[in-house]
Amino acid sequence: MNVTSTIEISKTAYQNNLSFIRSLIGESCIFSSVIKGNAYGHGIETFAPMAEEVGVNHFSVFSAYEAYRLKKVSNRESTIMIMGVANSTNELEWAINLNIEFFVFDLERLQKAVKIAKRLKKKAIVHIEIETGMNRTGFCVDELKDVIHFIEDNKNYLEIKGLCTHFAGAESITNYFRVKKQIVTYNRILKFFKSNNINFLQKHTACSAAVINYPQTINDLVRVGIMQYGFWPSRESQMKYYTKNKINSNPLQPLISWKSYVMGTKSVAAGEYISYGTSVLTETDMKIATIPVGYAHGFSRSLSNQGKVLIRGHRLDVIGLVNMNMMIIDITNVPEIDKGDEVILIGEQNGITISVASFGEMSNLLNYELLTRLPEDIPRKIIK
Ligand SMILES: *Cc1c(COP(=O)(O)O)cnc(C)c1O
């Protein structure tokens, strides 16, 4: 197998994050583990069974395809909720048959679901997504009458389980008024449904940032992604939480570490260029190590001459341009580094760390983006 690096996922860190999140949302709220984007790069097939082992039984995915991947590895009767794409008749039929729940945000999907449900002689379990101001997906106010009529006419084929919406940037105070307005709109629409005798078992709006910044939005269920993986939705949310609760150490622990190894080492004389082009001209004699990870493996090219890695407990510089499949590290000050030595790209070694956040800062990527860019074919494994 063509394995040049490995991603490790810590179960203990996950349990820690789950207890922290539980302390925020209370005992009775349903925790839905959001595993879109290949479980934020952690790997659905690796992450989900581990999550189930430690008690998670509700997952949110983006697409029917992700639901399918989850279903294949799921070891318990977890609830699956599709928040986005399930467009074809095949996908919807598959979902309805297996009691997989899904958002509906247009009449076409609602009609299609009922048509299939009639044929299968069972109810489609749906969550009505409403437009509250993000202007992405969700029923607009002027469609609600039609939705309500349609639901009334097709009661036998629909289980209307939830009413949901998504906030347009709850991680930043910049969006405060917009999010507040969304909360008001959501509550108004909820009342409107109620006055038409439609009640929802699961009212849900909160993502990670809303759990932190708008705790009043923690309702019957929360859809938490980034925070369960041990990352704050933004630096600002982290600071806000620290200040409000007078703490100064991080209650979240990242699950992920990313490791590779030294492919080889060599000496380079003074006056030479290193790697492609001329970005590095050696001033003195140097020693370098090659690592078999490059931008094709998710190590951003913008980390050229910027990135850091850990080898033998030293924090060392990426030197020159990051290549497609390799990068070069300056080991002049630690010449004993040798072929086969462990290299930490993200994670900890001898008490020093390279965090996803610092990695993200160096490469100008959001935590979310960096994680989901980690290629699917890097092997993942669970560690304690
Ligand atoms: C991604 C997503 C979430 C989770 O967001 P986090 O910031 O990772 O907690 C919740 N709801 C919807 C609709 C999403 O798309």
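The values are calculated or read from the model by the stated rules, or taken from the named source; none is laboratory data. Computed from a predicted model, the values in this text were never measured in an experiment. Cβ sites come from the backbone with ideal geometry, for glycine too, and all protein chains shown count toward neighbours. When the accessible area is computed, the model is the full protein with side chains, heavy atoms only, and any ligands, DNA or RNA have been set aside. Shrake-Rupley method; radii C 1.70, N 1.55, O 1.52, S 1.80 Å.
I'd like to know if segment 198-210 contains one or more residues that are in a loop (DSSP other than H, G, I, E, B), surrounded by fewer than 22 Cβ atoms within 10 Å (Cβ to Cβ), more than 13 Å from the ligand (Cβ to nearest atom) and of a type in the set (D, E, K, R).
Scanning segment 198-210 turns up no residue that is in a loop (DSSP other than H, G, I, E, B), surrounded by fewer than 22 Cβ atoms within 10 Å (Cβ to Cβ), more than 13 Å from the ligand (Cβ to nearest atom) and of a type in the set (D, E, K, R).
Which one is nearest to the ligand (Cβ to nearest atom) among residues in segment 149-165 that are part of a helix (DSSP H, G or I) and open to solvent by 20 Å² or more (accessible area, probe 1.4 Å)?
Within segment 149-165, the subset part of a helix (DSSP H, G or I) is 149-153, 155-157.
Filter once more, so that each one left must be open to solvent by 20 Å² or more (accessible area, probe 1.4 Å): 149-150, 152-153, 155-157.
Working: H149: 26, F150: 23, E152: 27, D153: 28, K155: 26, N156: 28, Y157: 25 Å.
Out of the qualifying residues, it is F150.
Inside segment 217-247, residues that are of a type in the set (A, V, I, L, M, F, W, C) and more than 14 Å from the ligand (Cβ to nearest atom) make up a count of 2. Inside segment 314-359, residues that are under 16 Å from T4 (Cβ atoms) and not in a strand (DSSP E or B) make up a count of 8.
Pairs are defined by a Cβ separation below 9 Å, a sequence spacing of at least 6 or placement on different chains, a first member in segment 218-230 that is hydrophobic (A, V, I, L, M, F, W, C), and a second member that is near the ligand (Cβ under 6 Å from one of its atoms) and assigned to a strand (DSSP E or B); the pairs so defined are V224/V34; I226/V34.
In segment 260-313, which strands (runs of 3 or more DSSP E) lie fully inside it and hold 1 or more residues that are without any contact (Cβ under 8 Å) to a residue 40 or more places away in the chain, of a type outside the set (D, E) and over 27 Å from E361 (Cβ atoms)?
Details: elements: 264-268, 286-291, 308-311.
Because the criterion is at least 1 residues that are without any contact (Cβ under 8 Å) to a residue 40 or more places away in the chain, of a type outside the set (D, E) and over 27 Å from E361 (Cβ atoms), the strands (runs of 3 or more DSSP E) in segment 260-313 that meet it are 264-268.
If you check A86, A168 for being open to solvent by less than 50 Å² (accessible area, probe 1.4 Å), over 30 Å from G55 (Cβ atoms) and within 16 Å of the ligand (Cβ to nearest atom), only one passes: A168.
If you go through segment 22-40 and keep only what is part of a loop (DSSP other than H, G, I, E, B) and either more than 12 Å from the ligand (Cβ to nearest atom) or open to solvent by 50 Å² or more (accessible area, probe 1.4 Å) (or both), you end up with G26, E27, S28, C29. State whether the residues of segment 128-148 include one that is β-branched (V, I, T), more than 28 Å from the chain's Cα centre (by Cα) and open to solvent by less than 20 Å² (accessible area, probe 1.4 Å). There is at least one residue in segment 128-148 that is β-branched (V, I, T), more than 28 Å from the chain's Cα centre (by Cα) and open to solvent by less than 20 Å² (accessible area, probe 1.4 Å). All of K194, K240, K145 fail the test of being in contact with a helix residue (DSSP H, G or I) (Cβ under 9 Å, 6 or more places away or on another chain) and among the basic types (K, R), apart from K240.
Taken as a whole, the condition of being open to solvent by 30 Å² or more (accessible area, probe 1.4 Å), among the hydrophobic types (A, V, I, L, M, F, W, C) and within 25 Å of G230 (Cα to Cα) applies to M362.
Go over the candidates H204, H149 one by one and state the one that is out of contact with any Cys (no Cβ under 6 Å at 6 or more places or on another chain) and at pLDDT 95 or above. Don't jump to the end; show me each part of the working.
On the way: H204 fails: out of contact with any Cys (no Cβ under 6 Å at 6 or more places or on another chain).
Criteria check complete, one pass: H149.
Looking across segment 41-83, just one residue is surrounded by 18 or more Cβ atoms within 10 Å (Cβ to Cβ), polar (S, T, N, Q) and within 14 Å of the ligand (Cβ to nearest atom), and that is S60. Among the residues of segment 176-191, those identified as over 22 Å from K145 (Cα atoms) and surrounded by fewer than 18 Cβ atoms within 10 Å (Cβ to Cβ) are Y176, F177, R178, K180.
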